[in-house]
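Everything on this sheet refers to the single structure shown next.
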């Protein structure tokens, strides 16, 4: 296996500001089910996000009884630096796909209009 290129980027500290409010509507939830069928998760997808200044993480979410995937905006040049975009679902793959759907499709890679506090919606995924 080839070794990845090492970068000399210094870790950047940004102030944590909270979670983005990106809750799926019923229409978006149905659209996600259709969208995810033709999607594949590649390590290069995560590489791109990390090199753009995002921190990617996965963890067990006991509150939702599923897997949580998150992106944290760590680039201080972004107006939404310090915010976290999360997605949770029953499987790792679906949680990552939902995170990508939120970031690329719903937010269109611009988190500015979603920077208010999140609430639990009681849905099957989020």
106, 48 arranged by Cβ crowding within 10 Å, fewest neighbours leading: 48, 106
Does the stretch 64-113 come out rounded, prolate or oblate by the C-alpha gyration tensor, with a ≥ b ≥ c the root eigenvalues, rounded set by a/c under 1.5 and, if not, prolate when a/b is larger than b/c and oblate if not? prolate
So, in nm, how far is label residue 65 from label residue 93 when the simple model puts each one 7 Å beyond its Cα toward the Cβ? 2.3 nm
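First check a/c for the stretch 18-112, with a ≥ b ≥ c the square roots of the eigenvalues of its C-alpha gyration tensor; if it is under 1.5, answer rounded, and if not, answer prolate when a/b is larger than b/c or oblate otherwise.
Values: a/c = 1.38, a/b = 1.36, b/c = 1.01.
Verdict is rounded for the stretch 18-112.
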According to the square roots a ≥ b ≥ c of the eigenvalues of the Cα gyration tensor, what is the shape class of the stretch 11-58, taking rounded for a/c under 1.5, prolate for a/b larger than b/c otherwise, and oblate for the remainder? oblate
Cβ neighbours within 10 Å, averaged per peptide: list 83-91, 56-64, 34-42 in order, most packed at the top. 83-91, 56-64, 34-42
Burial ordering of 14, 67, fewest other beta-carbon atoms within 10 Å first: 14, 67
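Any read-out appearing in this document is the output of simple, stated calculations on the displayed coordinates, not a laboratory observation. These numbers were taken from a predicted model, which means no experiment stands behind them. Here the Cβ is made from the backbone with ideal geometry for all residues, glycine too, and neighbour counts use every protein chain on show.
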